[in-house]
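Structure first, commentary second.
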Amino acid sequence: MFVRRKMTSNPYTVSPSQTILDAQELIAKHGVKRLPVVKNNKLVGLVTNRDILRYSPSKATSLSMGEISYLLAKTKISSIMTKNPISISPDSLLEEAATLMRENDVGCLPVVVEGDRLVGIITESNLLDAFIELLGFKEPGTRLTVEAVDAPGILSNLAGIYGEHDANITHVAIYRGNNGKSDVVIGTNALDTEGIENSLQDGGYKVVYKLQNK
């Protein structure tokens with residue numbers, strides 16, 4: 001799955017010349033946690049709710065509310081933003097986005113096209129939504145987790161068993177173990193899978209978990 005299918009297109013942005021107070025208002029109004037910083041239609045930075053909190057006076061300050069508002073209205077986004085943040089192309093795979101986030105310990109990636117023009121943003125929440133969708137966790141049907149030897153031809157064999165029962169396979173995920181075996185999660189839109197389960201067991205497979213959504 002590509003980044004462009006799961007990113008938030010045309011996200012809310014700020015310019016480097018705007019203030020912390022401007023960013024606070026945007027975050028509060030639209031319920032976002034991160035704002036790409038754009039200048040002349042080009043991505044130049046990223047500011048997060050955490051950045052804003054870090055640069056805002058603490059609750060223990062002796063400053064009055066008026067003084068705090070004054071400071072926030074004077075502090076420019078350019079002074080607190082992360083400059084030249086890690087970004088990704090909309091045509092990259094979600095796996096690439098997840099790897100970049102994990103390796104760089106960031107919670108989002110601005111999505112840019114040629115010339116660093118911002119077209120979207122992809123977050124950890126977007127990746128979790130994609131993970132749930134890929135596994136078909138919320139879709140009606142049955143998901144069987146089958147323990148199988150990690151060997152060539154196994155997936156074809158499993159698909160053949162489902163085909164014998166006229167069951168449509170909707171999702172497949174494989175979790176490889178360290179003992180030469182894998183857990184193969186197979187989703188189907190069928191709710192009555194008793195025949196499939198019996199055939200799997202007759203074929204030497206072990207059904208270790210069953211989840212149904214009606």
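What the table below lists for this structure:
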read-out: Members of the stretch 7-49 that are under 21 Å from the mean Cα position of the chain (by Cα), surrounded by fewer than 19 Cβ atoms within 10 Å (Cβ to Cβ) and in a helix (DSSP H, G or I); value: H30, N49
read-out: Given (1) outside the structural domain of V208 (by TED's automatic domain parsing); (2) among the basic types (K, R); (3) at pLDDT below 95, number of the condition K181 does not satisfy; value: (1)
read-out: Selection status of T145, under 17 Å from N198 (Cα atoms) and in contact (Cβ under 8 Å) with a residue 12 or more places away in the chain; value: yes
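The values are calculated or read from the model by the stated rules, or taken from the named source; none is laboratory data. Worth saying up front: this structure is predicted, and the values here are computed from it rather than measured. As a convention, Cβ positions derive from the backbone with ideal geometry for all residues, glycine included, and neighbour counts pool all protein chains shown.
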